[in-house]
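I have placed the structure first, in the form of C-alpha cells, so that the comments after it can refer back to it.
The values are calculated or read from the model by the stated rules, or taken from the named source; none is laboratory data. Since the model is a prediction, treat every value here as computed from it, not as a measurement. We place every Cβ from the backbone using ideal geometry, glycine too, and count neighbours over all the protein chains shown. Just so you know, the surface numbers come from the protein's heavy atoms only, side chains and all, with ligands and any DNA or RNA stripped out. Shrake-Rupley method; radii C 1.70, N 1.55, O 1.52, S 1.80 Å.
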Amino acid sequence: SLTGYIQACRGLMISAVCLGFFGAVFGLVGMKCTKVGGSDQTKAKIACLAGLMFILSGLCSMTSCSLYANRITSEFFDPSFVAQKYELGAALFIGWAGASLCIIGGIIFCFSIAENSNSAR
C-alpha cells in the first residue's frame with residue numbers, strides 16, 4: 001500500500017546494502033594482508049571489483065536519498081498539497097554523507113590496482 005517512490009527508495013537502499021556487503025567481502029579478500037585470493041595481480045583485480053561495488057552502493061544510496069528529498073521538497077513548497085508536510089531530517093544528511101564516503105572509498109580501492117601494477121618487486 002506504499003506509494004511508488006517509497007518502494008523505489010526502499011529497493012535502492014536494499015540494493016545499496018547488499019552491494020556494500022559484497023564490496024566489503026571482496027575488499028577483505030583483495031587486501032595484501034590476507035592469504036586468500038591468490039597472487040598479487042589477482043588480489044588487485046579483486047580489490048578493484050570491491051571498489052566498483054562500493055561505488056555502485058554509494059550511487060544507489062545517493063539516488064535513494066535524493067529521490068526522497070526531491071519528493072519532500074516538492075510537496076513542502078506545493079501550496080495545493082494539503083496532507084502532512086515533512087522536512088529534510090538528519091537521516092537524509094547522514095545518508096548523503098555515507099553515500100559520499102562509499103563513493104570515495106570505492107575510488108580509493110579502484111586506484112589501489114594502479115599502485116600495485118607500478119610498484120617494483
In the range 2-120, lysine pairs 8 or more places apart or on different chains with C-alpha atoms under 19 Å apart total 4
Contour minus Cα-Cα span, Val82 to Cys18, at 0.36 nm per residue, comes to 19.3 nm
Checked against the positive end of the charge dipole of the chain (+1 on Cβ of Lys and Arg, -1 on Cβ of Asp and Glu, about the Cα centre), the farthest of Met53, Gly30, Val82 is Gly30
If every Lys and Arg gets +1 and every Asp and Glu gets -1 at its Cβ, then about the Cα centre the range 2-90 yields a dipole, in debye to the nearest 20, of 440 debye
Taking R0 as 41 Å and r as the Cβ-Cβ distance between Leu28 and Ile6, the FRET efficiency 1/(1 + (r/R0)^6), rounded to the nearest 0.05, comes to 0.75
Output ordering of 29-40, 6-17, 81-92, 54-65 (per-residue mean of other Cβ within 10 Å, highest first) is 54-65, 6-17, 29-40, 81-92
Quick P(r) readout (the range 2-120; Cα-Cα; 5 Å bins; whole %) gives 2, 12, 17, 17, 13, 10, 9, 7, 5, 4, 2, 1, 0, 0
Longest principal axis of the chain (C-alpha) makes with the long axis of helix 4-30 (C-alpha) an angle, in degrees to the nearest 10, of 10 degrees
So the carbon and sulfur contribution to the accessible area of the chain, 1.4 Å probe, in percent, is 71 percent
